[in-house]
Amino acid sequence: MCDSICRSEPDSVAAMPAFAPDAVDRAIVLATQAGLPLYPDPWRAVGEQVGLSGAEVLSRMQAMHRAGVIRRVAAVPNHYRLGYVANGMSVWDVDDDDIDRLGREVAGVEGVSHCYRRPRHLPHWPYNLFAMLHGKTRDEVEHQAEALRLRLGSACRGYRILYSSRILKKTGLRLAGAGKS
């Protein structure tokens, strides 16, 4: 299982076709890495920046996705502005033999935005499955965690919820612009 469970990721790296991004692909990534333009046809808007049609941009984005160069294109909501101010990383001690199946199951639960497998650090940290939960109150998050505990059943030996104490700026990998290294 990869560290990040994401329904848009291929099942294995070996399943990805060989792909070598060219300068045009890099220009598309540079034009979109801070987000797609908020236009009815964002692909056309990106195409105007890089000298392609919207259809060509979309086709190249799809090819980069199939090859694993781009994991996904998705909206990234600001949970706090939507009223979800009780955000907690739930950490679970689950059977290692079942973690792939359990991780996929947990990742598909409504209210879970991130689900990861992480190494244990025994004896101090027994948790190996992490799932980010969002709620409008801590009580709501705790109810979500209890529902997950019941769903995990006997495979779950324990869990905790680590609540966010402040907002950090979140960004993915950013490529340097043209001419920069």
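The values are calculated or read from the model by the stated rules, or taken from the named source; none is laboratory data. Note that the structure is predicted; figures quoted are calculated from it, not measured. Every residue, glycine as well, gets a Cβ built from its backbone with ideal geometry; the counts of neighbours run over all protein chains shown. The area values use the complete protein model at the heavy-atom level, side chains included, leaving out ligands, DNA and RNA. Shrake-Rupley method; radii C 1.70, N 1.55, O 1.52, S 1.80 Å.
Taking every residue in segment 54-74 that is in contact (Cβ under 8 Å) with a residue 24 or more places away in the chain and pairing it with any residue that is among the basic types (Lys, Arg), at least 6 positions away or on another chain, the pairs with Cβ-Cβ distances below 9 Å are Val57/Arg44; His65/Arg71; His65/Arg72; Arg72/Arg7.
Looking at the structure I just gave you, is Ile70 surrounded by 18 or more Cβ atoms within 10 Å (Cβ to Cβ) and either in a loop (DSSP other than H, G, I, E, B) or at pLDDT 95 or above (or both)? Answer is yes for this residue.
Go through segment 74-88 and report how many residues are within 24 Å of Ala176 (Cβ to Cβ) and surrounded by 14 or more Cβ atoms within 10 Å (Cβ to Cβ). Don't jump to the end; show me each part of the working.
The initial filter retains those residues of segment 74-88 that are within 24 Å of Ala176 (Cβ to Cβ), namely 74, 76.
Remaining after also requiring surrounded by 14 or more Cβ atoms within 10 Å (Cβ to Cβ): none.
Residues meeting the conditions: 0.
Looking at segment 100-122, can you tell me whether even one residue there is of a type in the set (S, T, N, Q) and touching a residue at least 60 places away in the same chain (Cβ under 8 Å)? Checked segment 100-122: no residue is of a type in the set (S, T, N, Q) and touching a residue at least 60 places away in the same chain (Cβ under 8 Å).
Residues that are hydrophobic (A, V, I, L, M, F, W, C) and either at pLDDT 95 or above or touching a Leu at 6+ places or on another chain (Cβ under 8 Å) (or both) were ranked within segment 157-181; the one that is most open to solvent (accessible area, probe 1.4 Å) is Ala178. For first residues located in segment 144-162 and more than 14 Å from Pro126 (Cβ to Cβ) and touching a residue at least 12 places away in the same chain (Cβ under 8 Å), partners that are of a type in the set (Gly, Ala, Ser) and open to solvent by 20 Å² or more (accessible area, probe 1.4 Å) and lie 6+ apart or on another chain with Cβ distances below 6 Å form the pairs Gln144/Gly111. The sole residue among Val141, Val109 that is outside any loop (DSSP other than H, G, I, E, B), more than 20 Å from Leu36 (Cβ to Cβ), touching a Leu at 6+ places or on another chain (Cβ under 8 Å) and not hydroxyl-bearing (Ser, Thr, Tyr) is Val141.
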